[in-house]
1. Can you tell which of 106, 101 is closer than 14 Å to residue 201 by Cβ, out of contact with any helix residue (DSSP H, G or I) (no Cβ under 6 Å at 6 or more places or on another chain), modelled with pLDDT under 95 and in a loop (DSSP other than H, G, I, E, B)?
2. Confirm whether residue 197 is within 28 Å of residue 79 (Cβ to Cβ), crowded, with 19+ Cβ neighbours inside 10 Å, touching a residue at least 40 places away in the same chain (Cβ under 8 Å) and under 17 Å from the mean Cα position of the chain (by Cα).
3. Give me the residue from region 229-242 that is in contact (Cβ under 8 Å) with a residue 12 or more places away in the chain and either in contact with a helix residue (DSSP H, G or I) (Cβ under 8 Å, 6 or more places away or on another chain) or surrounded by 12 or more Cβ atoms within 10 Å (Cβ to Cβ) (or both) and, out of that set, nearest to residue 138 (Cα to Cα).
4. From the list 215, 206, which residue is touching a residue at least 40 places away in the same chain (Cβ under 8 Å), surrounded by fewer than 15 Cβ atoms within 10 Å (Cβ to Cβ) and under 19 Å from residue 150 (Cα atoms)?
5. Any chance region 123-136 includes a residue that's under 19 Å from the mean Cα position of the chain (by Cα), part of a helix (DSSP H, G or I) and closer than 30 Å to residue 224 by Cβ?
6. Can you pull out the residues in region 32-55 that are touching a strand residue (DSSP E or B) at 6+ places or on another chain (Cβ under 9 Å) and free of Cβ contacts under 8 Å to residues at least 12 places away in the same chain?
7. Only residues that are within 27 Å of residue 35 (Cβ to Cβ) and either in contact with a helix residue (DSSP H, G or I) (Cβ under 6 Å, 6 or more places away or on another chain) or not in a helix (DSSP H, G or I) (or both): list them for region 218-228, please.
8. Quick check on region 74-101: of everything there that is more than 21 Å from residue 198 (Cβ to Cβ) and exposed (fewer than 13 other Cβ atoms within 10 Å of the Cβ), which residue is nearest to the chain's Cα centre (by Cα)?
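The values are calculated or read from the model by the stated rules, or taken from the named source; none is laboratory data. Source: prediction; values computed, not measured. Cβ: placed from backbone, ideal geometry, glycine included. Neighbour counts: every protein chain shown.
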């Protein structure tokens, strides 16, 4: 096992234990998009499935957003079938609809994300799952933190474990402590079939712009990202406005 693989595995294990992400007899829907994040998530959940002292099931789910004429679907289908693992795939028109004239002027990214999340919630019932695992990483949490401050006027971010619908479904993010750079490098090292995101808006979003700003801030000092990560849980409420 390479040093990078050990490091990522350690960080995932840290998140699993610290936030109580896995429980006996869980059945976990793993949202797989074809990107490095979700493929690394699926890869390590399979490892933890074998070594954890509890039993849990995972089923990767791919929703085709309608951008690439089924190219990603074909790649992932071959990947899952070679692993002999159960999987679920579904074609949607979420992408074209979000970018079309009938979206009522709403942000394409908001509509795509909202429709995808709604369908994943519905599929937990179809597939008898109690949890949804998503591939959000540390960089995503930091970006969301600053986006919520700048665009929503609140101090919040995504969390590693989030109960929805009075506990009926729980969202877990095992990559919450892992940097995007490590995920990208490891996916390449492991030869995972990472697919290009063909969404026409992927590089022209507030998140992409915030990522660019943060990268400039990170370049000022190598400790900045780690300090921001620590700040997410080191809150001094007495020095905030009431």
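1. Testing whether each residue is closer than 14 Å to residue 201 by Cβ, out of contact with any helix residue (DSSP H, G or I) (no Cβ under 6 Å at 6 or more places or on another chain), modelled with pLDDT under 95 and in a loop (DSSP other than H, G, I, E, B) leaves just 106.
2. On the way: within 28 Å of residue 79 (Cβ to Cβ): yes; crowded, with 19+ Cβ neighbours inside 10 Å: no; touching a residue at least 40 places away in the same chain (Cβ under 8 Å): yes; under 17 Å from the mean Cα position of the chain (by Cα): yes.
For residue 197, the condition - within 28 Å of residue 79 (Cβ to Cβ), crowded, with 19+ Cβ neighbours inside 10 Å, touching a residue at least 40 places away in the same chain (Cβ under 8 Å) and under 17 Å from the mean Cα position of the chain (by Cα) - is not met.
3. Result: 229.
4. One residue alone meets the criteria, 206.
5. No, every residue in region 123-136 fails to be under 19 Å from the mean Cα position of the chain (by Cα), part of a helix (DSSP H, G or I) and closer than 30 Å to residue 224 by Cβ.
6. 49
7. Correct list: 218, 219, 222, 224, 225, 228.
8. It comes out as 86.
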